[in-house]
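Asker: I have a structure here, written as C-alpha cells, and I will follow up with some questions on it.
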Amino acid sequence: AQSVTQLGSHVSVSEGALVLLRCNYSSSVPPYLFWYVQYPNQGLQLLLKYTSAATLVKGINGFEAEFKKSETSFHLTKPSAHMSDAAEYFCAVSPMDSSYKLIFGSGTRLLVRP
Amino acid sequence: KAGVTQTPRYLIKTRGQQVTLSCSPISGHRSVSWYQQTPGQGLQFLFEYFSETQRNKGNFPGRFSGRQFSNSRSEMNVSTLELGDSALYLCASTLEIRNTGELFFGEGSRLTVL
C-alpha cells in the first residue's frame, strides 16, 4: 500500500530564512504528488502538484517542490519565510487507482519566528 | 467560481445524538470525498462518491454513512455520536479523481460531541 511520510511534526524557522519541509512517498510507480496548506480553522488549500510534466514544480506563495524519483522524495521549499507562512502543511499522494482517494502525510506545522 | 461549501461550519452535539453534514461541490465536479481530521489520527478518508455511487469507503464503523444527490451535492451522517467523533469533517470535490487526483476542499464542519 502506498504511504507518505513527513519528517518533523513541527518545523521552526526565522522570518527570511529558508523553509524546507520533507516528504517521502512509497510507490513503485511515480504517482501524482501534492502539497496542501491548512491555516487555522480552515480547509486545505492546494499549494502545488506534481503530475510528471516537470520534476521542479512551482506553486503559490513562492513555494516549490522537486520530485526526486531516486530518493522517492517531494520536499517543499521556500527561499525566504514570511510570517504569513505559519500554517500546517500536508504532503499527499494520489495512487491514481480504484481507491479514489488521496493518501495524506501526518502534517508538518511550520512556525515562523520574527 | 464558487468553491466547495460545507454547512454547518460549527456544531455541538451530545453523545447518542446523530448529525448530518452537507457539502455542495464546485459546479461541474462529480466526485465528492469526505475526510475526518483529528489531532491524533490526522486526515482519514471516509468515503468517495461519483454520480450518486459510493466507490470507496474508509475504515469507519457503520455509524458513518453518506450519500450523493443527482446535483452532486453530498451529505454525511453520523449516528449514535461518541466523544471520539469530535473532529473537523472536510469535504472535497473534483471532476474525476482518477484523472488528476487534485482535490478542492471546503472549510470543513467542526463537530464537538459532549
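Asker: Given 10 °C and 1.306 mPa s, how large is the Stokes-Einstein diffusion coefficient of the protein assembly as shown in µm²/s, with Rh as the Kirkwood radius over Cα pairs? Working shown, then result.
Answerer: Numbers: Rh = 18.1 Å.
So the translational diffusion coefficient is about 88 µm²/s.
Asker: Also: Cβ under 11 Å from B:Gln37's Cβ, B:Gln37 left aside: what net charge do those residues give with Lys, Arg +1 and Asp, Glu -1?
Answerer: Result for the neighbourhood of B:Gln37: 0.
Asker: Over the whole of A:36-48, what's the average partner chain Cβ count within 10 Å per residue? Rounded to a whole number, please. List each step's numbers first, then the result.
Answerer: Numbers: counts 4, 0, 6, 1, 0, 6, 5, 15, 11, 3, 4, 0, 0.
If you average over the peptide's residues, the count of other-chain Cβ atoms is 4.
Asker: Please report, in debye to the nearest 20, how large the charge dipole of the protein assembly as shown is about its Cα centre when each Lys and Arg carries +1 at its beta carbon and each Asp and Glu carries -1 there. Spell out each step's value before the answer.
Answerer: On the way: 21 positive and 15 negative charges, 47 e Å.
Here the protein assembly as shown has a charge dipole of around 220 debye.
Asker: Given a 10 angstrom Cα cut-off, can you work out which residue in A:Ala54, A:Ala65, A:Ala86 is the most mobile in a GNM of chain A?
Answerer: Between A:Ala54, A:Ala65, A:Ala86, it is A:Ala54 that shows the largest mean-square fluctuation.
Asker: Using label points projected 7 Å from each Cα along Cα→Cβ, tell me how many nm separate B:Leu83 and A:Glu64, to one decimal.
Answerer: 4.9
Asker: Under a plain spin-label model, where a point goes 7 Å from the Cα along Cα-to-Cβ, how far apart in nm are B:Thr38 and A:Leu111?
Answerer: 2.5
Asker: Right, next: Measure off 7 Å from each Cα along the Cα-to-Cβ vector at B:Asn71 and A:Ala53, then give the distance between these two points in nanometres to one decimal.
Answerer: 3.3
Asker: Top mean-square fluctuation among A:Ser98, A:Ser27, A:Ser84, Gaussian network model of chain A, C-alpha springs under 10 Å?
Answerer: Comparing A:Ser98, A:Ser27, A:Ser84 in a Gaussian network model of chain A, the most mobile one is A:Ser98.
Asker: 222 nm [θ] for chain B, helices only, -39500 (n - 2.57) per DSSP H run of 4+, per residue, to 500?
Answerer: -500 deg cm²/dmol
Asker: Then there is this: In percent, how large is the relative contact order of the stretch A:37-113, given Cα pairs closer than 8 Å and 6 or more residues apart?
Answerer: So the answer I get is 23 percent.
Asker: Could you give the semi-axes, largest first, of the ellipsoid that matches chain B, computed as the square roots of 5 times the alpha carbon gyration tensor eigenvalues and rounded to whole Å? Walk me through the numbers on the way to the answer.
Answerer: Numbers: eigenvalues 104, 38, 34 Å².
The equivalent ellipsoid of chain B has semi-axes of 23, 14, 13 Å.
Asker: To continue, here is another question. Please report the relative contact order for chain B, taking Cα pairs under 8 Å with a sequence separation of at least 6, and give it as a percent rounded to a whole number.
Answerer: Relative contact order for chain B comes out at 36 percent.
Asker: So, one more: Hand me the tally of lysine pairs in the protein assembly as shown: alpha carbons under 25 angstrom apart, and the pair either on different chains or 8 or more positions apart.
Answerer: Counting lysine pairs in the protein assembly as shown gives 19.
Asker: Hey, another quick one. If the viscosity is 0.890 mPa s and the temperature 25 °C, what Stokes-Einstein diffusion coefficient in µm²/s follows for the stretch A:1-78 when Rh is the Kirkwood radius over Cα pairs?
Answerer: For these conditions, the coefficient is 184 µm²/s.
A short reminder: the numbers here are calculations on the coordinates, not readings from a lab. All figures in this text were calculated on a predicted structure; none of them were measured in a lab. So basically every Cβ, Gly included, is an ideal-geometry build from the backbone, and we count neighbours across all protein chains shown.
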